[in-house]
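A short write-up of the structure that comes next.
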Amino acid sequence: MNRNVCTSLMIAGILTLTSIPELYAQSTDTDQLKATVKSLDQAIQELKLKVADLEKSNVLAKVEQQPTGHASPVINRNTFSDNQVAAPRPDDLTLDPQYRGFIPIPHTPAMIRFNAKPRVDFIFDTGNPGDPDQFVPAEIPVKGDPDKGGGSRFNVSAKGSRLMLDVRAPTLEGTPRFYFENDFFGSGSSAMNFRVRHLYGQYYNIILGQTFSAFEDPDIWPDTLDYEGPNSVVSARLPLLRYQLPLNKQWQVNASVEKPSSEVDTTGDPTAVPVNRAPDIGLNTRWEKASFGHVQLAAIGRVLGADGETNGNQTVLGGGLSLSVVKSLFTRDSLQLQGTLGQGIARYDNDDFFNNDAAYNQAGDLKALPYMAAMVGYTHGWSEKLRSTASYGLVNINNETLQGPNAYHQTQYASVNLMWQPFKLLTMGVEGLYGHKEVQSGATGADWRIQFGVVYSLF
């Protein structure tokens, strides 16, 4: 019982007892005395009812603060870039069933969490990296490029800072969720340019808005300090309509209709304009088990097009498969593997900064370009506060001759780091990176980078 209410009852009782003699002295009318006592007794009963209502409200409030989420079998690896939190998951599965940081919204079954992850990166390059903020092998200048060479470069960046908004109602049928996240890698001339990473709603396992493609595996990313991550990882956040179908506690199927983008190299026909003729269709099946990790097999189907005066209006099909595996090892270690193979799917590559989906051959026919990528990462936990990750990525595209000598052909990415987490919400680390690029002519370029970063999370 509320202490203040108890005190009020005691005072009321004392006043009642002390008032009786005075009332009796003033009047000997027994009926009037009985009426007064009855009135005071009624007031006490009303106070008791109010106390009961208060206690009931407190119990309901506590219940609202304890939603019934269920832990996902997927392992939350707490990576520096942290792509896993944003991923939609079927039903009420979540990486944090305790819903830390969420605040109940009064008079609703929903709760909300605001989170911020400010970060700063200190970056040193041995030469011109092409991109001073992210390590992108595709943009490293090669021999013969006027941008190649020069002395070392130093940069400080806070573009990787993020703001997040997460609204959930796990106790409501359909387990609705709204998620928003942004960083500051948008286009523009300022040091910090707003960019939306995710903005989607989820209801009865139907997801609509912008988020991860069904062809991507958001749980596969190695723990890199570099914000961009390995060149060969499937990476695409797109406007889409997606459905997640849980088959049982370990298996699920995801299907999506996604925004297309025919990234066609029109060097073979300067009059041509890339066009989208149909949406991209993504599909994946996942197996998840907490004691092992997870396995995902994903597929993407595409219709690529280009309209031009020289070669006419043409259409070509593209598609591919991607297999990713995360295996838990020992107490704190994990292995990350991903292999991707197909044609006309370079748009889904993390190193995609050029038009490499399709190109014209010497006969003037539009061809989907064969694509291959592989990624491996390994994380070792030295202690609860120290961990290291090494990763390697390879991307190869078979070019058409008409693309020219400077067409993107192959890149490699390698990283190794040491992360220190002195406090639960604060992480800092140092990382060494190597990137290598080769174009169709055989010309190459490379860059070495050393990066130090610090990130802080409110929750």
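The sole residue among TYR392, TYR408 that is modelled with pLDDT of 95 or more, of a type in the set (Phe, Trp, Tyr) and closer than 27 Å to ASN311 by Cβ is TYR408. Of all the numbered requirements in (1) in contact with an Asp or Glu (Cβ under 8 Å, 6 or more places away or on another chain); (2) crowded, with 23+ Cβ neighbours inside 10 Å; (3) assigned to a strand (DSSP E or B), ASN254 misses one, and that requirement is (1). Of everything listed in (1) in a helix (DSSP H, G or I); (2) of a type in the set (D, E, K, R); (3) at pLDDT 90 or above, the single unmet condition for LYS50 is (3). Once region 90-128 is narrowed to residues that are in a loop (DSSP other than H, G, I, E, B), of a type in the set (A, V, I, L, M) and over 19 Å from the mean Cα position of the chain (by Cα), the residue that is farthest from HIS70 (Cα to Cα) is ILE105.
Summed over region 371-392, residues that are touching a strand residue (DSSP E or B) at 6+ places or on another chain (Cβ under 7 Å) and of a type in the set (D, E, K, R) total 2.
Take the conditions (1) closer than 29 Å to VAL455 by Cβ; (2) at pLDDT below 95; LYS249 misses just one of them, which is (1). Reported count of residues in region 326-363, each being among the small types (Gly, Ala, Ser), outside any loop (DSSP other than H, G, I, E, B) and closer than 30 Å to GLU258 by Cα, is 5.
Specify which of the listed residues (GLY319, GLY312) is out of contact with any Ser or Thr (no Cβ under 9 Å at 6 or more places or on another chain), assigned by TED's automatic domain parsing to the domain that holds SER256, without any contact (Cβ under 8 Å) to a residue 60 or more places away in the chain and loosely packed, with under 15 Cβ neighbours inside 10 Å.
Every option except GLY312 fails the conditions.
Among the conditions (1) exposed (fewer than 15 other Cβ atoms within 10 Å of the Cβ); (2) touching a residue at least 60 places away in the same chain (Cβ under 8 Å); (3) assigned by TED's automatic domain parsing to the domain that holds TYR408, the only one that THR108 does not satisfy is (3).
When THR285 is tested against (1) in a loop (DSSP other than H, G, I, E, B); (2) in contact with a Leu (Cβ under 7 Å, 6 or more places away or on another chain), just one condition goes unmet, and that condition is (1).
The single condition among (1) of a type outside the set (D, E, K, R); (2) farther than 30 Å from GLY151 by Cβ; (3) surrounded by fewer than 24 Cβ atoms within 10 Å (Cβ to Cβ) that ALA359 does not meet is (3). Within the span defined as region 289-296, one or more residues are at pLDDT 95 or above, crowded, with 21+ Cβ neighbours inside 10 Å and small (Gly, Ala, Ser). VAL376: under 28 Å from SER324 (Cβ atoms), of a type in the set (A, V, I, L, M, F, W, C) and modelled with pLDDT of 95 or more, yes or no? Yes: the conditions hold for VAL376.
Every listed requirement among (1) within 27 Å of TYR413 (Cβ to Cβ); (2) not assigned by TED's automatic domain parsing to the domain that holds ASN417 is met by ILE206 save one, (1).
Among the residues making up region 329-352, those that are at pLDDT below 95 and surrounded by 16 or more Cβ atoms within 10 Å (Cβ to Cβ) are ASP351, ASP352. Only residues that are touching a Phe, Trp or Tyr at 6+ places or on another chain (Cβ under 9 Å) and within 30 Å of MET428 (Cβ to Cβ) were counted across region 169-189, and they come to 8.
Are any residues in region 407-459 of a type in the set (D, E, K, R) and closer than 20 Å to PHE154 by Cα, and if so, which ones?
Hits for region 407-459 are GLU431, ASP447, ARG449.
The values are calculated or read from the model by the stated rules, or taken from the named source; none is laboratory data. No experiment lies behind these values; they were computed from the predicted model shown. Reconstructed Cβ throughout: ideal geometry from the backbone, glycine too, with neighbour counts over all protein chains shown.
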